[in-house]
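The numbers here are math on the coordinates, done by the rules we state, and not lab data. All figures in this text were calculated on a predicted structure; none of them were measured in a lab. In this analysis, Cβ positions are derived from the backbone assuming ideal geometry, glycine residues included, and neighbour counts consider all displayed protein chains.
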């Protein structure tokens, strides 16, 4: 595989750390273990003096033990960087050996600028063990911009100030400054760290984070290699900001897909691929491998994964395991993660194609490949070999076996629905109880005609979705487009005014579009700490399949279905909802990101046991930017963590004297 997923280069993340951090006396080790185990969710670890026990992050990839935790330190530098720049020498001219030089980023073989983490794409992987403390210093060297990093899939129990959402849990990290994220890795599984600011993720700020558990002899697979991450993302040839709010002459669509930051751009004019290298997974024949599949996409299209002549056994999603499901085709949407097992059981020792393609509503035929490379001798045959597969990639119309679909967003290819799998971790106090709250959330990107959108003092954010049309779109939950406060809600509670918030009962008193039901305000849903909350998300108008992600919690997927007939809000309020849904699953899967069928609904349930302000939002970057989000306030302000000493504040500067 490429250097950015290999353990041998994780050291690049570490800067200026003395060798005194590399070893502990036995007494220090014993104290560290006791210290880490003694930290309760009610304590603020940012105020503990644990950095004297920190070790460089690469040392945290090890055999995990519940008796030996570590403080794992990483340093990220964010900066503008270049694809196929000077570090790549003659890589762009076909000399593939130079494509793997230190700090060479090839992407899809098209030269462009991008935003980087430690001059890598994707950013460096983080591997830690459950209950380690993770410390990441993020230094922003991106001139003229501010950002944050979100730890997608990690609930931040006890560490809400590290959730990484600007103006909700922290102030943005301004140019030239450093922000320290520190959290307890309580949530095992395959996760993702993206920027949570603007279109920074689409520009390259994202990477994998894996929280491993104590080794057990799994009967499902033989190997769980650290470099068997399959991180898929869409990729443009310009900075994504060019397409926000958008151009009337050209729609925002990505040019390529990347797998672990590698791919090959197909020039539709010349019908030739670029010479960039692909990701290679080396496997020993007749062995079974666990892959960690991550969707880091920013755009609107679900991805489809297939592996030539191989079926997949899907064993977990979003860090929670379920009864294994076998399929030929896996659909996964932005923010979702799946753990799959691939059996290298083919008799022919050769290269096999790993194919990921973008599905409707995207109309361009965009797909990308990696290579599953067989070996008979796991030592002798795995010499470094970056040669391209000697067989040409299959064409768009060349179909792999795809008889068994999993998690399909398409009504004509339903297959196995996510909501029907048997989860392994069930809390019947949530799944079988009556919820304390039940909220209907109607997702939408309503169209506003230009003469309405651009009249008067309207300042609502919008995006261009149809070239040369006389309308544009905004993002809403229940007709409310979220705007963010000018302070950080979690860290500046004394400056919160209850009148700053809105909900379905009072949103029309806020900034509203004339002659429209659409209003813009700080949309908040408040629930009691410890309550059981049920969300029913509906999509009755859009032609897209929206992914919904909830911060701070994981939810059970209780039910989902596609509507058989045209629906409207009135029918749903009357509970007149004809769909293809069957009876509720007694052992539902446990997730933090899920697709909402279109047209259809999904019902999820969780216990609001993590006090703070938590974002729930569509995981398409453009939809989040235009307001398709809502803030959940869990508990009262006096039940939330007090901001750490020295934690930054942000506010508008509006002096009264002039």
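Quick look at the values:
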{"quantity": "Rg/Rh for the chain, where both radii come from Cα atoms and Rh is the Kirkwood radius", "calculated": "0.94"}
{"quantity": "Residues of segment 52-68 with amide N under 19 Å of the 7 Å Cα→Cβ point at residue 287", "calculated": "62-64"}
{"quantity": "Contour minus Cα-Cα distance for residue 323 and residue 392 (0.36 nm per residue)", "calculated": "21.2 nm"}
{"quantity": "Taking the chain and dividing mean pair separation by its residue count, relative contact order in percent (alpha carbons under 8 Å, at least six apart)", "calculated": "13"}
{"quantity": "Exposure proxy ranking, count of Cβ atoms within 10 Å, fewest first, for 294, 496", "calculated": "496, 294"}
{"quantity": "Likely footprinting exposure, 431, 459, fewest C-beta neighbours within 10 Å first", "calculated": "459, 431"}
{"quantity": "FRET efficiency, 1/(1 + (r/R0)^6) with R0 60 Å, evaluated for residue 494 and residue 111 via beta carbons", "calculated": "0.75"}
{"quantity": "Spin-label pair residue 517/residue 466, simplified geometry with 7 Å Cα→Cβ offset, distance in nm", "calculated": "1.9"}
{"quantity": "Cα-projected label distance for residue 457 with residue 218, points at 7 Å along beta-carbon direction, nm", "calculated": "5.7"}
{"quantity": "Length gained when the stretch residue 657-residue 645 is fully extended (0.36 nm per residue, less Cα-Cα span)", "calculated": "1.2 nm"}
{"quantity": "Antiparallel DSSP beta bridges within the chain, as percent of all bridges there, nearest 5", "calculated": "70"}
{"quantity": "Residues 537, 615, 397, sorted so that the one with the fewest Cβ neighbours within 10 Å comes first", "calculated": "397, 615, 537"}
{"quantity": "Chain lengthening between residue 449 and residue 80 when straightened (0.36 nm per residue, less Cα-Cα)", "calculated": "129.2 nm"}
